[in-house]
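Novice: A single structure is presented below for examination.
What follows draws every value from the coordinates through simple rules; no lab data is involved. Being a predicted model, the structure only gives us computed values, none of them experimental. Cβ atoms come from the backbone with ideal geometry, glycine included; neighbour counts cover every protein chain shown.
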Amino acid sequence: MVDVASKIQGDYVEEIGWPELVETVAQVRDTLPLDQRAHVGILAANYGEAGAINLFGPKFRLPPVISGVNSFWARGYGDPPPDTLIVLGHSAGFLAENFTSCQVAAHTWNRLGVENEETVYHPDIYVCKGLKKPWREFWNSYRHFG
């Protein structure tokens with residue numbers, strides 16, 4: 001079934017695991033100290049992760065996603081900007097370049113065991129603090145298309 005769907009439209013496979021991704025992000029959020037939870041944001045690298053958070057996140061009382069991809073960039077990063085970020089889809093190199101502290105908090109998965117972009121290429125979910133640049137400067141350089 002997955003093979004047929006992916007031949008018709010490759011993006012279908014990428015939607016497998018969205019509910020599990022959002023559930024996992026909520027679990028990561030729930031492990032944070034209360035003061036960090038109050039000012040947490042979710043930074044997603046691609047539109048699949050961003051869409052999953054915004055579609056399924058309200059069930060878990062997650063904040064709207066922050067993403068620089070496509071039109072998500074126009075939505076900004078919030079006011080006030082978050083102090084702590086749960087980060088999806090970014091490489092360890094990107095995180096080291098932009099944050100003073102990042103730790104792997106969980107991994108992406110799906111109930112069907114299907115390999116897709118999230119589970120193969122960027123399975124790590126991080127908690128990051130200490131943005132090295134002011135938010136405005138980071139944001140102006142963060143816009144990307146995918």
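Novice: Taking the alpha-carbon set of segment 16-142, what are its Rg and Dmax in Å?
Specialist: Rg, Dmax (Cα atoms, Å): 13.5, 41.
Novice: Kindly write out, for segment 67-80 in residue order, the coupling ³J(HN,Hα) from the Karplus curve 6.51 cos²θ - 1.76 cosθ + 1.60 (θ = phi - 60°), rounded to whole Hz, with x marking Gly and Pro.
Specialist: 8, x, 8, 6, 6, 4, 4, 5, 7, x, 10, x, 9, x
Novice: What are the ³J(HN,Hα) values, in whole Hz, obtained from phi via the Karplus relation 6.51 cos²θ - 1.76 cosθ + 1.60 with θ = phi - 60°, for each residue of segment 128-139 in sequence order, with x given for Gly and Pro?
Specialist: So the Karplus estimates, Gly and Pro as x, are 10, 9, x, 4, 6, 10, x, 3, 4, 5, 4, 4 Hz.
Novice: Testing the spin-label approximation: label points 7 Å from Cα along Cα→Cβ at D79 and L32. State their distance in nm.
Specialist: For D79 paired with L32, the spin-label model returns 2.1 nm.
Novice: Between V120 and W139, what length comes free when the chain is fully extended (0.36 nm per residue of separation minus the Cα-Cα distance, one decimal in nm)? Mind dumping the intermediate values first?
Specialist: Numbers: separation 19, 0.36 × 19 = 6.84 nm, distance 2.70 nm.
So the extension gain works out to 4.1 nm.
Novice: Further question: Cα to Cα, under 12 Å, and not fewer than 8 places away if on the same chain: which aspartates and glutamates meet these conditions relative to K132?
Specialist: D83, E97
Novice: Could you pull out every residue, at least 5 positions away or on a different chain, whose amide H is within less than 5 Å of the one on F99? Hs are placed 1.01 Å off N in the peptide plane, and Pro or chain starts have none.
Specialist: K132
Novice: On to the next question. Can you tell me, using C-alpha contacts under 8 Å and at least 6 residues apart, the relative contact order of the chain as a whole percent?
Specialist: That works out to 27 percent.
Novice: Step through the residues of segment 140-145 one at a time and calculate ³J(HN,Hα) from phi using the Karplus curve (6.51 cos²θ - 1.76 cosθ + 1.60, θ = phi - 60°), rounding each to whole Hz and writing x for Gly and Pro.
Specialist: So the Karplus estimates, Gly and Pro as x, are 5, 9, 8, 4, 8, 10 Hz.
Novice: So between R111 and A92, what do we pick up on full extension, going 0.36 nm a residue minus the alpha carbon distance?
Specialist: 4.3 nm
Novice: If amide H atoms are built 1.01 Å from N in the plane of the peptide, which residues on other chains or at least 5 residues away come under 5 Å of the amide H of V87?
Specialist: Residues meeting the criterion, in which the H sits 1.01 Å from N, are L43, Y126, V127, C128.
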